[in-house]
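Notes follow the structure.
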Amino acid sequence: MNLIPLPAFNDNYIWMLHDGQRALVVDPGDAQVVFEAIKRLGVQLEAILVTHHHHDHTGGVTELREATGAQVFGPLLEQVPEPLMRLAGGDVIELLGWRLQVIDVPGHTAGHIAFYTEPQGQYPLLLCGDTLFSAGSGRLFEGTPAQMLTSLGKLAALPDNTRVCCAHEYTASGLVFAHAVEPDNQDVVSHQATVQTLRAQHLPSLPSSIGLEKAINPFLRTHLPGVIRAVQQFDATAQDPVRVFAALRTWKNQF
Ligand SMILES: [Zn+2]
Ligand SMILES: [Zn+2]
């Protein structure tokens, strides 16, 4: 399995998986980017996966489906261009010989889903849309802090070596915030240097890994005393886990 992030718009990635002949893409906001990639690689687009309804993730779906005949898969509960096969947590689909599991991750949007697979002989792979970013998390447009906390908990429970394919290149700014929350976290400092080097060469900072995110991402660390103390400096009323998470999210929004 080959995994390629296709940059789109300012900071989106359309993730493509291909086996040299057949391909699938995740959240194609821009059809043109995908057309160029399938032409360059000489692959046939067989499937389009959609994590949530936002236009920067769905804008190219109809054009790609009509031009290639690719089958579209998307969340049960959201408005995604029809026709599509609707999926919810617990569903398993088999595409290009890979078994993909669907995980419900409401929070950024009400019906957001993620895809997880364990390709033979390779590290597992998570396609998480706008739920988990490297050193960050998606904004809560439709869901509640409690929902997002639960959703991120499901992702954090995946194997540490899971490759995390986020839909945006937000890592550098996420790390600035992570450093403000945990100034003594050396993993944050060293990853900042790594990301700076990559971005200076216009290379993606992704995929990340679950193990790395558990070390650097404040939104996966809200159970830790140091993070709780920092959040309470921002909002002294943040006492229980959901309130701590909600206050951290508000702090990030204002940061
Ligand atoms: Zn979104
Ligand atoms: Zn997005």
Checklist entry - Fully extended, how many nm does the chain gain between residue 55 and residue 255 (0.36 nm per residue separation, minus their Cα-Cα distance)? => result 69.5 nm
Checklist entry - chymotrypsin sites (Phe, Trp or Tyr not before Pro), restricted to the range 1-78: which are DSSP loop and have at most 16 other Cβ atoms within 10 Å? => result 9
Checklist outcome for this item: Expressed per residue, the solvent accessible area of the chain in Å² (1.4 Å probe) is about 43
Checklist outcome for this item: Diffusion coefficient in µm²/s returned for the chain by Stokes-Einstein, Kirkwood Rh over C-alpha pairs, 20 °C and 1.002 mPa s, is 116
Checklist entry - Between residue 142 and residue 193, what length comes free when the chain is fully extended (0.36 nm per residue of separation minus the Cα-Cα distance, one decimal in nm)? => result 15.0 nm
Item to check | Euclidean distance of C-alpha centroids, the range 57-112 and the range 140-158, integer Å | outcome: 19
Checklist outcome for this item: Taking Cα pairs closer than 8 Å and at least 6 residues apart, the relative contact order of the range 23-162 in percent is 17
Next on the checklist: Could you tell me the relative contact order of the chain? Use alpha-carbon pairs under 8 Å, at least six residues apart, and round to a whole percent.
Outcome noted: 13
Checklist outcome for this item: Of the convex hull enclosing the alpha-carbon atoms of the range 113-169, the direction-averaged projected area in nm² is 4.0
Next on the checklist: Checking the a/c ratio against 1.5 first, then a/b against b/c, what shape does the Cα gyration tensor give for the range 1-136?
Outcome noted: rounded
Checklist entry - At q = 0.13, 0.24, 0.26, 0.28 Å⁻¹, what base-10 log of I(q)/I(0) does the Debye formula yield for the range 186-255 when every alpha carbon is treated as an equal point scatterer in vacuo? => result -0.46, -1.02, -1.09, -1.17
Checklist entry - DSSP beta bridges in the chain, what fraction antiparallel, as a percent rounded to 5? => result 65
Item to check | Reachable lysines from residue 154, criterion Cα separation under 23 angstrom, eight or more residues apart if same chain | outcome: 214, 252
Item to check | Largest to smallest accessible area among 170, 116, 123 [probe 1.4 Å] | outcome: 123, 170, 116
Checklist entry - Between residue 201 and residue 44, what length in nm is gained on full extension when 0.36 nm per residue of separation is reduced by their alpha carbon distance? => result 53.5 nm
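The values are calculated or read from the model by the stated rules, or taken from the named source; none is laboratory data. All figures in this text were calculated on a predicted structure; none of them were measured in a lab. Neighbour counts are summed over all protein chains in view; Cβ atoms, including those assigned to glycine, are modelled from backbone coordinates with ideal geometry. Side chains included, ligands, DNA and RNA excluded: accessible areas come from the protein's heavy atoms. Shrake-Rupley method; radii C 1.70, N 1.55, O 1.52, S 1.80 Å.
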